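Notes follow the structure.
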Amino acid sequence: MKRITNSFIRPAFNHLGNKYRMVNKLLSYFPKEIDNFVDVFAGSGIVSAAFKSAKKYYLNDYNPGVYLILNYLWNTDAKQIINDIDKIIKKYKLEDSKSKDFKKNYKELRESYNKAKTNKDPRKLYTLVILGFNQQIRFNSTKGFNIPAGKQQWNDYQRNKTIAFVNAFKAKPKEIHNQDFEDFVDDILEKVDIDKTIFYFDPPYLLSNATYNDLWNKNSEKRLIELIKNINRKKGKVILSNVIESKGNINNELVNLLKVKNFNKIEVNNVSYSNSNYQRKKEHLDREVIIKNYE
Ligand SMILES: C[S@@+](CC[C@H](N)C(=O)[O-])C[C@H]1O[C@@H](n2cnc3c(N)ncnc32)[C@H](O)[C@@H]1O
């Protein structure tokens, strides 16, 4: 098989639900000859970072923090980024997450970031995310970043991860957008040759809980499925990651999508506990799938 992946690249931040662990498997189902890669729910950007064979990458995420950080990482030299973050860590005394003042210092940096109403500083946000609880990116209703301090350190491992991630994108022609998925795809459809394009959808999963699920509901799922069917009608290639069944609940929208001609499903994992009784098995069943509309 043609090598199209680089298994050494890790996401610059551990965005919840990122596809790092299964990126090679996922990419093995991507078409080999393609010009445009459209990463509709890009998150950490790891899928776009690992995919090698497209000529142009279009990324999108509705989260303004994800957008700010990815833009910063890709428009700044890796060395400069390391210097920037080192300086912030030093200024706010955030070298050691076990130190007694760490939480207080982290809060001080967070307040300083939130204080600016315009021209938000991506360097401060990236530092907050790296050192924040589970490296999540969440904002309150007044747009303030509101994740508490975590346990990670800005260490050499994190520095090297950042450098490798940034460099993976350096030479790639790319655009990053901060739109609702439907508007974004509509715009893309206007400007690309659909025959040479692959649309990858990795939305929040209706059947699981993530911080970014707050705004994701049955209506969003319906809009998504309609959009996918629309691309299919135009003969565009679509690949989707999702969970079709969890704890006995079924995502019927996905089941119905699979009834549409051309769509096929690959089971990614089927977590069942062979030693437990049926009820427990059912509770733990989490069927992760890849759905696509091409062979
Ligand atoms: C499962 S995560 C994507 C993970 C990504 N593939 C990765 O490997 O890091 C889903 C993403 O969808 C974004 N999102 C949620 N609602 C959205 C919307 N209406 N339009 C576009 N993006 C949205 C979230 O911010 C989140 O980053």
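Relative to the current alpha-carbon distance between ARG21 and ASP186, full extension at 0.36 nm per residue lengthens the span by 56.4 nm. Note on LYS93 and ILE266: their simple-model spin labels are 5.2 nm apart, each label 7 Å out from Cα toward Cβ.
Going by neighbour counts of Cβ atoms within 10 Å, the residues THR142, THR118 line up, fewest first, as THR118, THR142.
Hey, could you grab the Kirkwood Rh for the range 67-164? Inverse mean 1/r over distinct alpha carbon pairs, Å, one decimal. Mean inverse Cα-Cα distance, inverted, gives 13.6 Å.
Between GLY65, SER99, ILE228, the Cα set farthest toward the positive side of the dipole of the chain (charges on each charged residue's Cβ, about the Cα centre) is that of SER99.
Between GLU111 and ASN249, the contour length at 0.36 nm per residue exceeds the alpha carbon distance by 45.6 nm. Antiparallel versus total DSSP beta bridges in the chain: what percent is that, nearest 5? Approximately 50 percent, going by the DSSP bridge assignments. Each residue, THR76 and TYR157, gets one label point 7 Å from its Cα in the Cβ direction; the gap between the two is 2.3 nm. For the chain, averaging the sequence separation of C-alpha pairs within contact (under 8 Å, six or more residues apart) and dividing by the residue count gives a relative contact order of 19 percent. When the chain is described by a simple charge dipole with +1 on each Lys and Arg Cβ and -1 on each Asp and Glu Cβ, the residue from ASN119, ASN249, ILE9 located farthest towards its positive end is ILE9.
Summarised in one figure, the compactness ratio Rg/Rh of the chain, Cα atoms and Kirkwood Rh, is 0.98.
When you filter the chymotrypsin sites (Phe, Trp or Tyr not before Pro) in the range 1-84 for DSSP loop state and at most 14 other Cβ atoms inside 10 Å of their Cβ, you are left with PHE8, TYR29. Ranking TYR20, ILE239, TYR294 by Cα position along the charge dipole of the chain, where only Lys, Arg, Asp and Glu carry charges on their C-beta atoms, puts TYR20 farthest toward the positive end. For the chain, the Cβ-based charge dipole about the Cα centre amounts to some 680 debye (Lys, Arg positive; Asp, Glu negative; other atoms uncharged).
Other residues with beta-carbon under 11 Å from the beta-carbon of ARG159 carry, at +1 per Lys or Arg and -1 per Asp or Glu, a net charge of 0.
Rule-based calculations on the coordinates, nothing more; no lab input. Just so you know, these numbers come straight off a predicted model, no measurement behind them. Neighbour counts are summed over all protein chains in view; Cβ atoms, including those assigned to glycine, are modelled from backbone coordinates with ideal geometry.
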